[in-house]
Amino acid sequence: MILVLWLILRAHGQRGLLPVLYPVSVPIHDPPSVSAIVPARNEGHNLPRCLHSLLHQNYRQDRLNIIVVDDNSTDDTFAVGCSFAGRSRSLKTIRCPPLPPRWCGKPHACWIGARMSRLDDEWVCFMDADVQAGPELIGSAVTAARSQQLALLSLAPRQRLGSFSERLIIPCGLFLMAFRQDLETVQSPHSNHVTANGQFMLVQRHAYEFVGGHAAVHDAVCEDLELARLIKRAGGRVLLEDGKLLLAARMYTGWKSLWMGFSKNAVEMLGGRAAAFVTALLVLLLPPAGLLLPTIDGVGCASGHAADCVALAPALAGTAAATGLHIAGALYFRAPFWYGLIFPLGYAVGGCLALESLRRHWRGNIIWKGRSYP
């Protein structure tokens with residue numbers, strides 16, 4: 001119970017360490033040139049919302065260049081991109097060349113997009129196709145990055161959750177990251193540790209080219225973390241901020257895509273194979289224990305065991321605090337409160353996902369969107 005209470009206090013204490021980026025409604029005078037690159041593989045269903053939002057930015061149109069990189073999709077992604085390109089001269093859609101050996105798909109698409117950007121761009125923005133931007137996104141991000149002298153600004157979108165599996169698992173996954181990640185350390189410019197979210201990354205062009213861009217992380221499954229790590233090691237300042245007021249995303253649409261996505265990158269997100277294994281065991285054991293211990297102590301106390309009566313109060317306090325935290329999490333994600341009552345099930349599935357991710361890494365069989373990576 002002490003461990004459970006410590007984890008809850010740790011997660012709560014991290015809240016203020018992820019600053020919220022507020023919209024800047026006043027357009028920037030003489031804004032810098034930005035290329036927004038959208039890598040897209042089989043994203044025909046998501047692309048219209050994403051591109052519509054980018055074409056309606058409160059940013060000077062001649063300073064914002066939008067590049068859709070179709071990563072050899074098997075759906076209508078390219079056609080959708082071309083249809084939007086016909087509406088605006090600031091948007092173009094290109095086909096990605098075949099994937100070279102030892103490259104992962106997303107870093108390759110990002111790299112091709114960066115090569116096609118304008119030479120005078122001061123900033124390069126990488127945004128996933130499942131992200132929908134508010135009209136002040138680019139202007140607010142550029143203003144924040146310049147004012148804080150950042151080499152890379154990453155934003156965490158507001159997550160839209162639709163299906164039962166998303167509402168069950170994703171809040172637990174985000175709580176898990178809050179439990180294990182020390183934001184004060186990773187956000188500090190004096191630390192070697194780093195965090196970033198590949199759904200939105202605004203990178204200073206000079207810093208990007210200096211570290212070799214996505215070519216330097218061509219074989220990384222979590223290319224966002226690796227690129228951020230290279231930039232920070234090179235002396236650039238990297239910061240992750242809460243972008244919930246500026247952009248929203250729905251990463252997965254159900255159980256199948258969620259299982260494939262998390263089993264692809266859980267090992268990297270959790271800090272490597274050893275950390276992923278330990279984390280999987282903890283999330284499989286601790287939540288059920290948090291529910292069982294008060295029951296065991298209650299039965300023992302009712303049977304007249306004084307030690308169980310003493311242990312009952314802290315056990316109940318720990319369980320109540322954990323349940324309250326997860327009910328609040330469910331409401332934050334606009335899910336029914338009762339998802340917070342079944343949080344042990346969410347962690348149990350998350351533990352299985354971590355173990356599946358470990359299995360795939362050990363076997364060299366990481367599969368994503370029809371491709372297999374060693």
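The values are calculated or read from the model by the stated rules, or taken from the named source; none is laboratory data. Every value quoted in this text rests on a predicted model; they were computed, and no experiment measured them. Cβ placement follows ideal geometry from the backbone for every residue including glycine, while neighbour counts extend to all protein chains displayed.
Which of the residues spanning the range 15-29 are in a loop (DSSP other than H, G, I, E, B) and at pLDDT 85 or above?
Correct list: Leu18, Pro19, Leu21, Tyr22, Pro23, Val24, Ile28, His29.
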Could you say whether any residue in the range 193-204 is assigned to a helix (DSSP H, G or I) and crowded, with 17+ Cβ neighbours inside 10 Å?
no
Only residues that are in contact (Cβ under 8 Å) with a residue 60 or more places away in the chain and assigned to a helix (DSSP H, G or I): list them for the range 333-351, please.
Tyr339, Ile342, Phe343, Leu345, Gly346, Tyr347, Ala348, Val349, Gly350, Gly351
When you scan the range 44-56, do you find a residue that is more than 24 Å from the chain's Cα centre (by Cα), assigned by TED's automatic domain parsing to the domain that holds Met127 and not in a loop (DSSP other than H, G, I, E, B), even just one?
no
Suppose we keep only residues that are touching a helix residue (DSSP H, G or I) at 6+ places or on another chain (Cβ under 6 Å) and in a loop (DSSP other than H, G, I, E, B) within the range 111-144. Which one would you say is farthest from Thr77 (Cα to Cα)?
Glu122
Given Lys232, Lys264, which one is out of contact with any helix residue (DSSP H, G or I) (no Cβ under 9 Å at 6 or more places or on another chain) and surrounded by 21 or more Cβ atoms within 10 Å (Cβ to Cβ)?
Lys232
For the range 83-108, which positions are assigned to a helix (DSSP H, G or I) and more than 23 Å from Tyr59 (Cβ to Cβ)?
Gly105, Lys106, Pro107, His108
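Okay, residues lined up against (1) modelled with pLDDT of 95 or more; (2) in contact with a strand residue (DSSP E or B) (Cβ under 9 Å, 6 or more places away or on another chain):
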site: Leu150; (1), (2): yes, yes
site: Ser191; (1), (2): no, no
site: Leu202; (1), (2): yes, yes
site: Ala215; (1), (2): yes, no
site: Ile231; (1), (2): yes, yes
Which numbered condition trips up Lys256, out of (1) under 27 Å from Asn42 (Cα atoms); (2) buried (at least 16 other Cβ atoms within 10 Å of the Cβ)?
(2)
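For (1) under 28 Å from Met251 (Cβ atoms); (2) out of contact with any strand residue (DSSP E or B) (no Cβ under 7 Å at 6 or more places or on another chain); (3) surrounded by 16 or more Cβ atoms within 10 Å (Cβ to Cβ); (4) of a type in the set (Val, Ile, Thr), each residue gets a yes or a no:
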position	(1), (2), (3), (4)
Cys301	no, yes, yes, no
Leu312	no, yes, yes, no
Thr323	yes, yes, yes, yes
Pro336	yes, yes, no, no
Tyr339	yes, yes, yes, no
Candidates Gly271, Gly290 - the one that is in contact with a Pro (Cβ under 8 Å, 6 or more places away or on another chain) and either among the polar types (S, T, N, Q) or farther than 22 Å from Arg41 by Cα (or both):
Gly290
Going by the conditions given, is Cys172 closer than 21 Å to Phe262 by Cβ and either in contact (Cβ under 8 Å) with a residue 24 or more places away in the chain or crowded, with 19+ Cβ neighbours inside 10 Å (or both)?
yes
Within the range 76-110, take every residue that is in contact with a helix residue (DSSP H, G or I) (Cβ under 8 Å, 6 or more places away or on another chain) and of a type in the set (Lys, Arg) and give me the one that is modelled with the lowest pLDDT.
Arg87
Can you spot a residue in the range 236-255 that is hydrophobic (A, V, I, L, M, F, W, C), closer than 23 Å to Ile169 by Cα, in contact (Cβ under 8 Å) with a residue 24 or more places away in the chain and assigned to a helix (DSSP H, G or I)?
yes
The range 145-161, residues that are of a type in the set (D, E, K, R) and in a helix (DSSP H, G or I):
Arg146
If Ala207 satisfies every condition in (1) surrounded by 21 or more Cβ atoms within 10 Å (Cβ to Cβ); (2) closer than 24 Å to Tyr373 by Cα; (3) without any contact (Cβ under 8 Å) to a residue 60 or more places away in the chain but one, which is the exception?
(2)
Looking at the range 303-327, which of its residues are among the small types (Gly, Ala, Ser) and at pLDDT below 85?
Ser303, Gly304, Ala306, Ala307, Ala311, Ala313, Ala315, Ala317, Gly318, Ala320, Ala321, Ala322
